[in-house]
Structures are given as C-alpha cells and as structure tokens.
Amino acid sequence: MSFLRRLLGGGGEAGEPAGAGSRPGSDDADATDPVADEQARERELLLDEARRLDDDFIQRQMRYADRSWTPPAQGGSRRADDEDAADE
C-alpha cells in the first residue's frame, strides 16, 4: 500500500489530504520520492547483475553460447503405428 501511496502522492496519515505529505519543501519528499527509489533500485539491480557476471567461467559460457552443438535429428516423420503409410 505504501508503494501506491508514494506513486499516487497520497498523504502519510489517514487524516491528511492527498499530497500533503509529499510537498516539495517537506522532509518526507526525499524519503518517498518514487523516481529516486526507482533509480536506486535500477542501480542495485545493475550492480547485482555485474557481480553475477564477473566470473571467468560464466563469461566463457556466454562467449561460446552461439556455438552449442545439438545432435542431428534421427528418423523421419513416419512412425511404426501409422496406418496410412503402409507400404511405401
């Protein structure tokens, strides 16, 4: 609920009108700024992703991912229990 209040600019207290707690001059504006929260979250996600990918083995796997080998397909579309393809 606090996320929606911050996003829509609702007041902090139940008796306050909407937007009363998020005036630009108030102290609550910095604590509940949705843009700053989103930017901090994005920075944290990018940092976590960089830490996860900072491994030689993972970088090697990503480098050669397009060269992965798959075995050739065996057989055809015809199956043993197909009745319509009796004698070809």
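I'm trying to understand the selection: among the residues of segment 27-53, which are exposed (fewer than 10 other Cβ atoms within 10 Å of the Cβ), over 29 Å from Leu8 (Cβ atoms) and among the charged types (D, E, K, R)? Listed by number, the residues that qualify are Arg51, Arg52. So which residues in segment 34-88 are acidic (Asp, Glu) and in contact (Cβ under 8 Å) with a residue 12 or more places away in the chain? Of everything in segment 34-88, just one residue is acidic (Asp, Glu) and in contact (Cβ under 8 Å) with a residue 12 or more places away in the chain, namely Asp37.
If you go through segment 54-76 and keep only what is loosely packed, with under 10 Cβ neighbours inside 10 Å, assigned to a loop (DSSP other than H, G, I, E, B) and at pLDDT 80 or above, you end up with Asp54, Tyr64, Ser68, Trp69, Thr70, Pro71, Pro72, Ala73, Gln74.
The values are calculated or read from the model by the stated rules, or taken from the named source; none is laboratory data. Note that the coordinates shown come from a computational prediction; the quantities given were computed from them, not determined experimentally. Neighbour counts are summed over all protein chains in view; Cβ atoms, including those assigned to glycine, are modelled from backbone coordinates with ideal geometry.
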